[in-house]
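Take a look at this one; I'll ask things after.
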Amino acid sequence: MSLDQNINKILIIDFGSQFTQLIARRVRELGVFSEIVSHKKIKLKDINRSIKGIVLSGGPLNVYQINKYSFDKKILQLDIPFLGICFGHQILSKLNGGRVKQSKHREFGLVNVYKKNDSLLTINFFGNKKNKKVWMSHADQVSKLPKNFKVIASSTNSKFAIVENKIKKYYGVQFHPEVTHTESGKKLIRNFIFLICKIKKNWSSKDQRNQLIKDIRKQVGSNKVICALSGGVDSSVVAQLLNKAIGKKLYCIFVNTGLLRKNEEIQVVQTFKKRLKMNLIYVNAEKEFLNNLKNVYDPEKKRKIIGNLFIKIFERYAKKIKNVKFLAQGTLYPDLIESKSVTGSQTSKIKSHHNVGGLPKKMNLKLVEPLKFLFKDEVRKLGLELNLSKEIISRHPFPGPGLAIRMPGVITNKKIKILKEADYYFVQALKNNGLYNKIWQAYAALLPVKTVGVMGDNRTYEYLCLLRAITSEDGMTADYYEFKKSFMQSISNKIVNSIRGINRVVYDVTSKPPSTIELE
Ligand code: XMP
C-alpha cells in the first residue's frame, strides 16, 4: 500500500464501523486532509511522515478476534497521536495491557458522560455542568486500564468513557464523537487534530475537486465512460466532474421520460450541451413511457415499468457508443450506508426506488462513483467549485419515476400537462417569496379525485391539486413546512385561476413517518 507523502494527513484505520466515513468527513470539515485504510491492509512500513495522527475506528469485532485479522500492532508503537473510537478505544487499551470484557449493561443511544479530569482532548467540550450527552453503541467495554492511562470522563455504565495516556499520546473514547447526536463531538475531533496532532489546515473544496479529478483520471485512463444524466444535483455534479477530468471521453445520456418538471429537458440541453459543451445524447422517450404506463395505477407497477424501460432505453443508446468500459454514477455516501444492513436483518421494502444509479448490470461495465464518500451538502459545495450554476446546485431532489408518482391513479397526457403547470407555479412562488432554499423539497401532485366548485356563475367539476413542502436533513424523516396564510391563499388562487382542470388546492400536513415524502 502506498500513501501519498506530499500532503499531511490524519489516517483513519477502519475496523468496519458504519461511521468510518463520518470520521473522515468531520476531519475534512475542519479543513484537514484524511485518508481511510483498512486495518487488514495497512502495515508499519506504510506509515510515512505525512501522517500526523491516527484514528482507530469503531467496528463490529471483538478485541479477542483481532488476531484473526492481520492488523499490524506495531503501528501502535509509533510516536504519533492515536484516537481510538469505541472498538478502536478498546483495542488501544487491550493491546497496551488493559482488559476488555462484555458490558453488563450494553449502552445504545444517548448517555451522559461526567468529567473526572482535564485533558487537551476535552478543552471546551464540557460546559459548566461538567457533563455532556454522547452517543454510545457498544456491547463490550474496557474493564481495566493499562499502565499510565488516566480516566478523563465516565458514564454510569462505562467507567472509562474517555481516557488518555499523555506520554504516549493515546486517547480513547467509548462513544462516537463523529455522529451529530454527540453534543460537541466535533470539538473533540478538533482538539485531537489541532491541539494534539498539531496538524495545519490543508484541505478545501478546491483541493477536494482536484483530488477527485486526479482519481478519476487514474481510474479510467484513456477509456470511454457513459453517464446517465437526469439533471438532478448528483448526476449533474458527476457529469461535470468527469467532463473536467476526461472531456470528450465522457458520453452523457439524458432520457426525457415526459415525466419531468416543466421545461426541464430544455434546461438540461442548454446547460450541458450548449454551455458546458459535453457529449450529450438527448433521447425523447415521452411516447414510449406514456404507452407503457397506459391504464397502470398501481404505484409499484408504475415504478417497475419506469425503471425497466429506463434501463432498456439507456442500453439501446449506450450500445451505439463503441468500446465503453465505465459507467459513472452519482452514488452518495448515505446510499452506501443504507444499502449495507448493519444488523444483518432484512429491512422491509417500502418502495422500489428507481434512480439513474442501479443501471445495467449485464452491460458489464466498471463503475465510477466519485461521490460515494460525500454527503449531499458536500456534493453541492463541490458543484459550485465546478462552476455549475446555483440553480442546478440548489435544486430540490426529484425522484427517478418523476411525475408518475405524484399522480396517483392512471397517467394521461392531459394530467401530466396540468400537473407540470401546477408544479411550476408552486415552485416559482416559492422562489419569488425567498422560500425555495428554506425548504428541502416541494412539489405539486394531482389527485385522482374531482370535486365541485364555482367559477363565475358556473359549476366546475375538476381535479384536486395537493401541495407538499417539507423540511428534512436527509429525506429519511421530514416535517411539513408551515407557510403563512397569505402565501397559501395566493398560491391557491394562482393555481386555480391559471390552470384549467384544477378547482381546489389542499396542503399536505403529514410528516414522515408516518407518511412518505412522495405520494407513491
Ligand atoms: P419517500 O417518498 O420514500 O422519499 O419518503 C424520500 C426521498 O427519495 C426520493 N425518492 C426517489 N428518488 N428514485 C429516486 O431517485 C426513486 O424512485 C425515489 N422515490 C422517492 C423522494 O423524492 C424523496 O426525496
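The values are calculated or read from the model by the stated rules, or taken from the named source; none is laboratory data. Remember, predicted model here, so these are calculated numbers, not experimental data. No Cβ is skipped: glycine too gets one built from the backbone with ideal geometry, and neighbour counts run over all protein chains shown. Just so you know, the surface numbers come from the protein's heavy atoms only, side chains and all, with ligands and any DNA or RNA stripped out. Shrake-Rupley method; radii C 1.70, N 1.55, O 1.52, S 1.80 Å.
If you line up the long axis of helix 376-385 against the longest principal axis of the chain, both from Cα atoms, how many degrees apart are they, to the nearest 10?
80
Using just the C-alpha positions of region 371-447 as equal point scatterers, what log10 of I(q)/I(0) does the Debye formula give at each q in 0.11, 0.13 1/Å?
Those come out to -0.38, -0.51, one per q.
Now a separate question. Cα axis of helix 233-246 to longest principal axis of the chain: angle in degrees, 0 to 90, nearest 10?
Its long axis makes an angle of about 70 degrees.
Just the number, please: carbon plus sulfur as a percent of the accessible area of region 205-393, 1.4 Å probe, no ligands or DNA/RNA counted.
51
Here's something else I'd like to know. Can you give the accessible area per residue of the chain, in Å², using a 1.4 Å probe?
49
Counting alpha carbon pairs within less than 8 Å and at least 6 residues apart, what relative contact order, in whole percent, applies to region 1-136?
22
In the chain, with Lys and Arg counted as +1 and Asp and Glu as -1 at Cβ, which of these residues, TYR171, LEU76, LEU374, has the Cα nearest the positive end of the dipole, that is, farthest along it?
LEU76
Using +1 on the beta carbon of Lys and Arg, -1 on that of Asp and Glu, and nothing else charged, what's the dipole of region 407-507 about the Cα centre, debye to 20?
Here the size comes out at about 400 debye.
Rounded, prolate or oblate for region 25-124? Axes are the square roots of the Cα gyration tensor eigenvalues, ordered a ≥ b ≥ c, and the cut-off for rounded is a/c under 1.5.
Oblate is the answer for region 25-124, as a/c is 1.5 or above yet b/c matches or exceeds a/b.
If you line up the long axis of helix 485-498 against the longest principal axis of the chain, both from Cα atoms, how many degrees apart are they, to the nearest 10?
Rounded to the nearest ten degrees, it is 40.
Determine the relative contact order of region 407-507: mean sequence separation of Cα pairs under 8 Å and six or more apart, normalised by residue count, in whole percent.
Value for region 407-507: 28 percent.
Now for a different question. What are the semi-axes of the equivalent ellipsoid of region 205-393, taken as the square roots of 5 times the eigenvalues of the Cα gyration tensor, listed largest first and rounded to whole Å?
Computed over region 205-393, the values are 26, 21, 17 Å.
For the chain, what mean projected area does the convex hull of the alpha carbons give, in nm²?
Here the figure is 27.3 nm², rounded to one decimal.
Around TRP135, under 11 Å between beta carbons, what's the net of Lys plus Arg minus Asp minus Glu among the other residues? Numbers along the way, then the final one.
Details: positive: LYS132, LYS133; negative: GLU107, GLU178, GLU183.
Taking every Cβ under 11 Å from that of TRP135, the sum is -1.
Any idea how far the Cα center of region 1-27 sits from the one of region 431-475, in Å?
For region 1-27 versus region 431-475, the Cα centre distance is 45 Å.
Positive end of the dipole of region 372-437, charges at C-beta (+1 Lys, Arg; -1 Asp, Glu), about the Cα centre: which of ILE392, ILE418, ALA429 has its Cα farthest in that direction?
Going by the Cα projections, it comes out as ILE418.
Quick check on region 367-520: take the gyration tensor over C-alpha atoms, sort the square-rooted eigenvalues as a ≥ b ≥ c, and tell me if it's rounded (a/c under 1.5), prolate or oblate.
Details: a/c = 2.06, a/b = 1.84, b/c = 1.12.
Prolate.
Work through the residues other than ILE75 whose Cβ is under 11 Å from its Cβ and net out their charges, Lys, Arg +1 and Asp, Glu -1. Intermediate values should be presented prior to the final figure.
Details: positive: LYS43, LYS45, LYS73, LYS74; negative: ASP46, ASP72.
So the environment of ILE75 carries a net charge of +2.
Regarding region 9-196, what is the average projected area of its C-alpha convex hull, in nm²? Intermediate results must be reported in sequence, preceding the final value.
Details: hull surface 37.2 nm².
Result: 9.3 nm².
Using every alpha carbon pair in region 449-520, what percent of pairs falls into each 5 Å bin from 0 up to the bin containing the largest distance?
3, 15, 22, 19, 17, 13, 7, 3, 1, 0
Turning to a different aspect of this structure: From Cα coordinates alone, what are the radius of gyration and Dmax values for region 156-297 in angstrom?
Calculated on Cα positions, Rg and Dmax stand at 24.2, 73 Å.
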